[in-house]
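Have a look at the structure below, then the notes.
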Number of protein chains: 4
Amino acid sequence: METDEDTIDLRSDTVTTPSEAMREAARDAEVGDDVYRDDPTVNELERRAADAVGTEAALYVPSGTMANQIAVHVHTEPGQELLLERESHVYRWELAGAAKLSGTQTRTIDAGERCVPTPEAVHEGLVEEDLHRPGTGLLSLENTHNYRGGTAIPADRIAAAAEVARDAGVPVHLDGARVFNAAVALGVDASEIVAPVDTVTFCLSKGLGAPVGSIVAGDEAFVDEARRVRKLFGGGMRQAGMIAAPGLLALENIDRLADDHANAERLAAGLDALDGVSAPEPDTNIVVARTEDAGIAAADLVTACKDAGVGCVEFDEYTTRFTTHIDVDRDDVDAAIDRIGDVVAELA
Amino acid sequence: METDEDTIDLRSDTVTTPSEAMREAARDAEVGDDVYRDDPTVNELERRAADAVGTEAALYVPSGTMANQIAVHVHTEPGQELLLERESHVYRWELAGAAKLSGTQTRTIDAGERCVPTPEAVHEGLVEEDLHRPGTGLLSLENTHNYRGGTAIPADRIAAAAEVARDAGVPVHLDGARVFNAAVALGVDASEIVAPVDTVTFCLSKGLGAPVGSIVAGDEAFVDEARRVRKLFGGGMRQAGMIAAPGLLALENIDRLADDHANAERLAAGLDALDGVSAPEPDTNIVVARTEDAGIAAADLVTACKDAGVGCVEFDEYTTRFTTHIDVDRDDVDAAIDRIGDVVAELA
Amino acid sequence: METDEDTIDLRSDTVTTPSEAMREAARDAEVGDDVYRDDPTVNELERRAADAVGTEAALYVPSGTMANQIAVHVHTEPGQELLLERESHVYRWELAGAAKLSGTQTRTIDAGERCVPTPEAVHEGLVEEDLHRPGTGLLSLENTHNYRGGTAIPADRIAAAAEVARDAGVPVHLDGARVFNAAVALGVDASEIVAPVDTVTFCLSKGLGAPVGSIVAGDEAFVDEARRVRKLFGGGMRQAGMIAAPGLLALENIDRLADDHANAERLAAGLDALDGVSAPEPDTNIVVARTEDAGIAAADLVTACKDAGVGCVEFDEYTTRFTTHIDVDRDDVDAAIDRIGDVVAELA
Amino acid sequence: METDEDTIDLRSDTVTTPSEAMREAARDAEVGDDVYRDDPTVNELERRAADAVGTEAALYVPSGTMANQIAVHVHTEPGQELLLERESHVYRWELAGAAKLSGTQTRTIDAGERCVPTPEAVHEGLVEEDLHRPGTGLLSLENTHNYRGGTAIPADRIAAAAEVARDAGVPVHLDGARVFNAAVALGVDASEIVAPVDTVTFCLSKGLGAPVGSIVAGDEAFVDEARRVRKLFGGGMRQAGMIAAPGLLALENIDRLADDHANAERLAAGLDALDGVSAPEPDTNIVVARTEDAGIAAADLVTACKDAGVGCVEFDEYTTRFTTHIDVDRDDVDAAIDRIGDVVAELA
Ligand SMILES: [Ca+2]
Ligand SMILES: [Ca+2]
Ligand SMILES: [Ca+2]
Ligand SMILES: [Ca+2]
Ligand SMILES: [Ca+2]
Ligand SMILES: [Ca+2]
């Protein structure tokens, strides 16, 4: 997307640009060689990230995909099954890394609107190892659930699913790329959502606004092994403190996610009011709009919106995703609604 | 299972013992070193196997699992998706070989009673390669469908599913371990079922009664590559003519599968007549009995049947499988019904 | 190779055809479904194979390649190193299965004429796991050493190499495809050679004359896991007793390997006497002839020998391998020397 | 290593801390979402990196390990051989990624002091694909050669090795983590060294002084595929411009590597003058000191040096590596020689 002063970029909360404070923090960061564990800023970020989700330890990695794939790699053995939701990020968008890098066989559960499988579905999906069948090596959940519209899943629903797996001796990973959005939406501390799982991924570079980086967190033994897998995958960085420093500030942006949620609600209401468009009230910062009734294909909508100065992404044949974030304020939302309204009117 | 003169072994059609003619054929087989392609009996078996399913070429391998896994390996690249039915053998019973040996990510379709996915379901299940998603590398179908009860799937249903994949440039494999059961049940030639797919597996050692071996068949280019993968997997055998010779006779057993089907129908009727047991009329030689209404767990039924002289296998919590084959005649079926009837009466 | 009454086939000891007794044994074999462990002949073969090499347990598999690859798979984890001799079969001829099927990184030692690495070389080759380096998962040795000329390696040399690995906690596998040739040549029991290693492969289908099959042997825990990996690789066979029965007779062919060795010695002497040909006295049944001095490329020699009625194989630019076996007697050897002599005279 | 004002850190040129100018550049960087290819700073860095080594295109990645592993993954297929030098970084220090992530079998050449295999050795190491053997998929070279002492390998020696591979249809990768050190030492442009190979890795974070990041470069088609593999491995970063900006300045640090080389030469001379220590004159910035004659184990030397305020790393039982870099000036070198002299005197 060519940068254009005027464009309201709602493609993703990954497009946020770092604040002045983050830029200053990068400049002033105390650094060392993190491969030798000598970078004090990274070390502090890892400590504070662990605190933020209530785990013993945490590891800083270049991307959410690497965070999730490290978790899969540490928890499973090749040939085991990976149980996850049919529309989860790990299954849909990570280039089959779970099979290719870790040799796991995926088993999917369609959780529908619920986004997290019921305890019964988890029970049914768990496979015990025998002569003919690989056992389940990991249950992976996602909160908020990106593809299903940024749904904030209550902690007890996560706990119920996780309990079934853990009772069967199967570890549980949470892809919490946007777990703080869930926490804020639900009015709980993220550690409450994370408590019932073994490990969690979250991103500093989405709603929290850091330029680069994600966290994978768990107990000390997990993080020790994760550090080794990070090196295998090529994620060991040197004076990483320069990008970890903005990450520390990102951890202070948790509360302001509420603004993004309010903006998303406003945007959804505005879009839903359009003829032929339906956009249910979002839980968090992701607005999913259906334009089937208007007969507008998502691909066409995305192109026309781009021309009209609104960035968005196609999710499905008739489904388009709009995401609010730190660089979008209430006025931007209102402007976006206007522009999209014009586009829809023209295309319908 | 300890062999017992009296036991009626309905665990699987894999338990059949070779006929006298097969034993004589093994003794008299002309052999050579098949790794050098010098075994005339294997060469003839491969030619006749190809003819039986209407393909250009065929390869003799030690097991149906190897046949299927070779097909997956030849057709796909690591990281591509393997699209298959949720209860298919390749997904359920092959120790995640598709992920472990070939690095594919599985995507499952629940085809229910239909056993083969609808064209719409195939269409929806195909994934186009992009920056974030692995493309689909192979569609794998199964006929008869073992786990769903030996269902014989009409050729046009296979063709409809295959067409969608092939139109998208995705090859199609058929796990036809029991494809001749399907052909006989449907009253067509196996080549008609196989025509719309690229490659097919079938077993000489199931209903056809050979002691050992399966076939994977396709065009010459496929079989050349399959031969190499067979060696990689350790399936290259030396004077294999000694077991290929009974395989040649097995190919003459196709028509007699009709007897197994008649016996299975008789068995299902007998079991279904029992209180608390339901056993729908089978298409082929696999009878699936549900004992939930009788409150009898499959595990208990299997154990009690074994004591009563009937071999069977647990499929699910309340589902038990009985399979007819060349070593079981009509009297055996009647005796089995009696014995199972007693067991059910006692357990219920 | 087209079969020709007259041809003396010295390509490999894998080309042997089963004896009448083996053929009768196949016909008369008591069989069952070995996947259910119901085949009494296979069970007996596995017991007697374990006895023959002095291990707790053994597993019957379709090929020597599968036997070795199962051992690699059971002993190692992906990312560990496999330490082996530079010209070993596992490294040269098994299609990189150790990397492809098991994800191990190979580290080679050039043992030269000694064929088995010195203790010092093993010590130097072992890698301890650390943050940057995968640890060694397995040391694999070979006896007799095929590519280096069927060399029979004394038990104490195997023991010395194995001890270094085992002291470092690294298991040791012996590719003993022809371990009984080594035992006979050295005048010891095979169990003496096997004693210092954890697991061993041997072939029933080479000098011992069985049509099909190899053994991988070790302790009970290893064989339990190996059985599962055999299924994963597609090596589970059904009424395998029909080919296991000749395997039982093959175990009685151990002592007669001495005849093959005497014939090989006679052949080597005859070839070495030819101008421009050097063929060192062999330890066992493999004769390696160099024709560089005669200016005859191995590829040309193989072709001309084939026309003259002698089967042999190219090993290297100027190196050709001739192998004696149960189907070749002293007169055949003399005839082969004559024919090869004519060929060399013509080509030189 | 605890940071200590006084310590002269010669462990690696990866320990350098970014300059003020780099810190300012990070703060002021124009950024975008690089996963969408919207980051102008990354785009510029990739263009200028390609120019610096004379390739069509280039890709920014988090580490040198990822750069190399991406090259292996793009160039090879699972089961192919990777031919490389026995002490190369890809083989020694990358956690067997080539086997684990790409399924390649490694074949090593011991190039000794020459560091790059001779054309004859490459010829001998190339394996043609046949029924039994995986073909060679990639030749990987390294310049400067890290483990052998930062050796700068003349361009024609690289060209000679590469030519043999390319003539056989095998692509060539150069691990040029420190290729600019080689270029400066040899007095040529890096593009001259890179010209005969297909792809090259180099690090911004070593002698060039950037905080984070490496480059993998080649033609457009390669980089397109590499971008996808980067995502698979989890190396896709968001507003990466903030660390790419210092990388742009790092590219201006090429000429000043001459100072590091002069300092390394001075250090080697100083160490070699010590009794019991030998340190050959280095080509570039890596000094390798042997202390076997002094009877001082490298592990002990490293520990004692650390206490005395000099950072260094153990390479081997009696070999220790010292590396000069931008944060070490001539006075630091003289101080280091004094301190190490005292340590050696005490330990000897
Ligand atoms: Ca509406
Ligand atoms: Ca059978
Ligand atoms: Ca009933
Ligand atoms: Ca001679
Ligand atoms: Ca640096
Ligand atoms: Ca000295």
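Students often get this wrong, so check it: of A:Lys206/C:Lys100; A:Lys206/A:Lys306; A:Lys100/A:Lys231; C:Lys206/C:Lys306, which have C-alpha atoms separated by over 27 Å?
Result: A:Lys206/C:Lys100 exceed 27 Å.
Please average, across the residues of C:162-173, the number of beta carbons from any other chain that are within 10 Å of each residue's own beta carbon, and give a whole number.
0
Heavy atoms only, 1.4 Å probe, whole protein assembly: order B:Arg321, A:Arg339 by accessible area, highest first.
My answer, sorted largest first, is A:Arg339, B:Arg321.
Give me the dipole magnitude in Debye, nearest 20, for the protein assembly as shown about the Cα centre, with unit charges on the beta carbon: positive for Lys and Arg, negative for Asp and Glu.
20
Could you report chain C's accessible area per residue, 1.4 Å probe, as an integer in Å²?
For chain C, the solvent-accessible area averages 34 Å² per residue.
If you take the charge dipole of the range C:20-252 about its Cα centre, with +1 on Lys and Arg Cβ and -1 on Asp and Glu Cβ, which of C:Val172, C:Val194, C:Cys115 is farthest toward its positive end?
Result: C:Cys115, furthest along the dipole toward the positive end.
Pull out a ≥ b ≥ c, the square roots of the eigenvalues of the alpha-carbon gyration tensor of the range B:222-336, then state rounded if a/c is under 1.5, prolate if not and a/b is larger than b/c, and oblate in the remaining case.
It comes out prolate by the Cα gyration axes.
Tell me, what % of the accessible area of the range D:284-348 is carbon and sulfur with a 1.4 angstrom probe?
40
Name the residue farthest towards the positive end of the dipole of chain B from the options B:Met66, B:Pro18, B:Ala245, assuming +1 on Cβ of Lys and Arg, -1 on Cβ of Asp and Glu, about the Cα centre.
B:Met66
At a 1.4 Å probe, what is the % contribution of carbon and sulfur to the accessible area of the range A:20-252?
Looking at the range A:20-252 in its full context, I get 43 percent from C and S.
Given charges of +1 on the Cβ of Lys and Arg and -1 on the Cβ of Asp and Glu, with all other atoms neutral, how large is the dipole of the range B:20-252 about its Cα centre, in debye to the nearest 20?
For the range B:20-252, the charge dipole is close to 740 debye.
In nm, one decimal, shortest first: how far is the label point of D:Arg47 (7 Å from Cα along Cα to beta carbon) from the matching points in the other copies?
4.3, 6.6, 7.9
Please work out the C-alpha center-to-center distance from the range B:75-147 to the range C:17-57 and express it in whole Å.
Comparing the Cα centres of the range B:75-147 and the range C:17-57, I get a distance of 37 Å.
Note the direction-averaged projected area, equal to a quarter of the hull surface, for the Cα convex hull of the range C:1-140, in nm².
12.6
Can you list, shortest first in nanometers, how far C:Asp156 lies from the same residue in the other copies, with each label 7 Å from Cα toward Cβ?
5.3, 7.6, 8.0
Provide D:Glu317, B:Glu24, D:Glu124, A:Glu142 ordered by accessible surface of protein heavy atoms (probe 1.4 Å), highest first.
D:Glu124, D:Glu317, B:Glu24, A:Glu142
Normalising by the residue count of chain A, find the relative contact order in percent from Cα pairs under 8 Å and 6+ residues apart.
23
Can you pull the accessible area of B:Asp6 for me, 1.4 Å probe, Å² to the nearest 10?
About 100 Å², rounded to the nearest 10.
Taking every DSSP beta bridge that has both residues in chain D, what percent is antiparallel when rounded to the nearest 5?
The answer is about 50 percent antiparallel.
Largest first and in whole Å, give the semi-axes of the range A:192-281's equivalent ellipsoid, each being the square root of 5 times a Cα gyration tensor eigenvalue.
Semi-axes (√(5λ), whole Å): 35, 17, 13.
At 1.4 Å probe size, with no ligands or nucleic acids counted, give the accessible surface of A:Lys100 in Å², nearest ten.
Here the residue's solvent-accessible area equals roughly 50 Å².
For the rotation that brings chain C onto chain A, whose beta-carbon in chain C is nearest the axis, and what is that distance in whole angstrom?
Reported as residue, whole Å: C:Pro78, 3.
Which three lengths, in whole Å and largest first, does chain C cover when its Cα atoms are put on their principal axes?
58, 53, 35
To the nearest 500 deg cm²/dmol, what mean residue ellipticity at 222 nm is calculated for the protein assembly as shown from DSSP H runs of n ≥ 4 alone, each contributing -39,500 (n - 2.57), summed and divided by the residues?
Helix contribution divided over all residues of the protein assembly as shown: -12000 deg cm²/dmol.
Once the whole set of protein chains is in place, how much accessible area is left on A:Asp189, using a 1.4 Å probe, in Å² to the nearest 10?
So the heavy atoms of A:Asp189 present about 90 Å² to solvent.
Could you tally the net charge around A:Ala244, taking each other residue with its Cβ under 12 Å from the Cβ of A:Ala244, Lys/Arg +1 and Asp/Glu -1?
So the environment of A:Ala244 carries a net charge of -2.
C:Val212: net charge of surrounding residues, Cβ under 11 Å, Lys/Arg +1, Asp/Glu -1, itself excluded?
-2
Give me the net charge for the shell around C:Pro62: Cβ to Cβ below 10 angstrom, other residues only, Lys and Arg +1, Asp and Glu -1.
So the environment of C:Pro62 carries a net charge of +3.
Mind checking the dipole of the range C:105-178: about its Cα centre, +1 per Lys or Arg Cβ, -1 per Asp or Glu Cβ, Debye to the nearest 20?
Rounded to the nearest 20 debye, it is 300 debye.
Give the interface area between chains B and C as buried accessible surface, both sides summed, probe 1.4 Å, in Å² to the nearest 100.
Chains B and C together bury roughly 4200 Å² of accessible area.
Just how far, in whole angstrom, is the range A:151-177 from the range C:236-250 if you go by their alpha carbon centroids?
Spelled out, the Cα-based centre of one part sits 49 Å from the other.
Counting only other chains, what is the mean number of Cβ atoms within 10 angstrom of the Cβ of each residue in peptide B:195-206?
Per-residue shielding by partner chains comes out at 1.
From the C-alpha gyration tensor of the protein assembly as shown, pull out the three semi-axes of the equivalent ellipsoid (sqrt of 5λ each), sorted largest to smallest, in whole Å.
Square roots of five times the eigenvalues give 53, 46, 26 Å.
Nm distances between the label at D:Glu346 and the same-position labels in the remaining copies, 7 Å along Cα→Cβ, shortest first?
So the label point of D:Glu346 gives 7.7, 8.0, 8.4 nm to the other copies.
Compare B:Asn143, B:Asn43, B:Asn263 in a GNM of chain B, Cα atoms joined below 10 Å, and give the one with the largest fluctuation.
Of B:Asn143, B:Asn43, B:Asn263, the most mobile in the Gaussian network model is B:Asn43.
The values are calculated or read from the model by the stated rules, or taken from the named source; none is laboratory data. Only a predicted model underlies this, so the values are computations on that prediction, with no experimental measurement involved. So basically every Cβ, Gly included, is an ideal-geometry build from the backbone, and we count neighbours across all protein chains shown. Surface accessibility is based on the protein's heavy atoms, side chains included, excluding ligands, DNA and RNA. Shrake-Rupley method; radii C 1.70, N 1.55, O 1.52, S 1.80 Å.
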